[in-house]
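Peer 1: Quick one: structure below, then a few questions.
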């Protein structure tokens, strides 16, 4: 049975944040609101938790997962960026952009794209997500919570609990999640490429 946390979207209660982080540290998968849509998150270094995320979404290892980071300094530990790439990432962070970048050795190989050694990274602009990352002290692995066979992300915590409570360790309810996925920008080629349009406006990055 998933624990259900009602957390204030602007001033998250530290006690509840700590309880939610303890579930992540114990290997649990949580459904959490972000500044785009609800996401499934788990501990970066827990293979069983990562496998559970893939089972819930019914996706294989070719599906790129994303690291949600507290800030750009943390992001630089997990991706290799040149000056041009960093400028674009800085323009879009924190915010509704996921950037595909070349992964560093800090990223476990099972988390990166199996043939390209790339990883998605994002700095979310959401008080609850930022509080979780701050309490945990490291990034979480995340993917947009789109159920198998569906095209839209779930955005109702009560529906999430009703449908997936046996597969989740926790569900966080915090009003105001927009319900639109992030814009994915691939920065590994010669020119930046919009892979998936979403809430982030590419014009903000000059694209």
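Read-outs throughout are calculated quantities, based only on the coordinates presented, and are distinct from any laboratory measurement. Quantities reported herein were computed from a predicted structural model and do not represent experimental measurements.
Peer 1: If I fit a long axis through the Cα atoms of helix 127-136 and take the longest principal axis of the Cα atoms of the chain, what angle between them do I get, 0 to 90°, rounded to 10?
Peer 2: 90 degrees
Peer 1: Of 158, 35, 71, which has the largest mean-square fluctuation in a 10 Å C-alpha GNM of the chain?
Peer 2: Of 158, 35, 71, the Gaussian network model singles out 158 as fluctuating most.
Peer 1: Moving to a separate point now. Which percent, nearest 5, of DSSP beta bridges in segment 1-142 are antiparallel?
Peer 2: Antiparallel: roughly 85 percent of the beta bridges in segment 1-142.
Peer 1: I would also like to ask the following. State whether segment 1-114 is rounded, prolate or oblate according to the following rule on the C-alpha gyration tensor (a ≥ b ≥ c being the square roots of its eigenvalues): a/c under 1.5 gives rounded; otherwise a/b larger than b/c gives prolate, and the remaining case gives oblate.
Peer 2: oblate
Peer 1: In percent, how large is the relative contact order of segment 31-127, given Cα pairs closer than 8 Å and 6 or more residues apart?
Peer 2: Relative contact order comes out at 34 percent.
Peer 1: Helix 47-57 versus the longest principal axis of the chain: what is the Cα-based angle in degrees, 0 to 90, to the nearest 10?
Peer 2: Helix 47-57 sits at roughly 90 degrees to that axis.
Peer 1: Okay, next question. By how many nm would the segment from residue 167 to residue 11 grow when fully extended, if each residue of separation counts as 0.36 nm and the alpha-carbon distance is taken off?
Peer 2: 53.4 nm
Peer 1: Taking a ≥ b ≥ c as the square roots of the Cα gyration tensor eigenvalues, with a/c under 1.5 meaning rounded and otherwise prolate when a/b beats b/c, else oblate, which class fits segment 55-149?
Peer 2: Here segment 55-149 falls in the oblate category.
Peer 1: Before anything else, pin down the relative contact order of the chain: Cα pairs under 8 Å, at least 6 apart, normalised by residue count, whole percent.
Peer 2: For the chain, the relative contact order is 34 percent.
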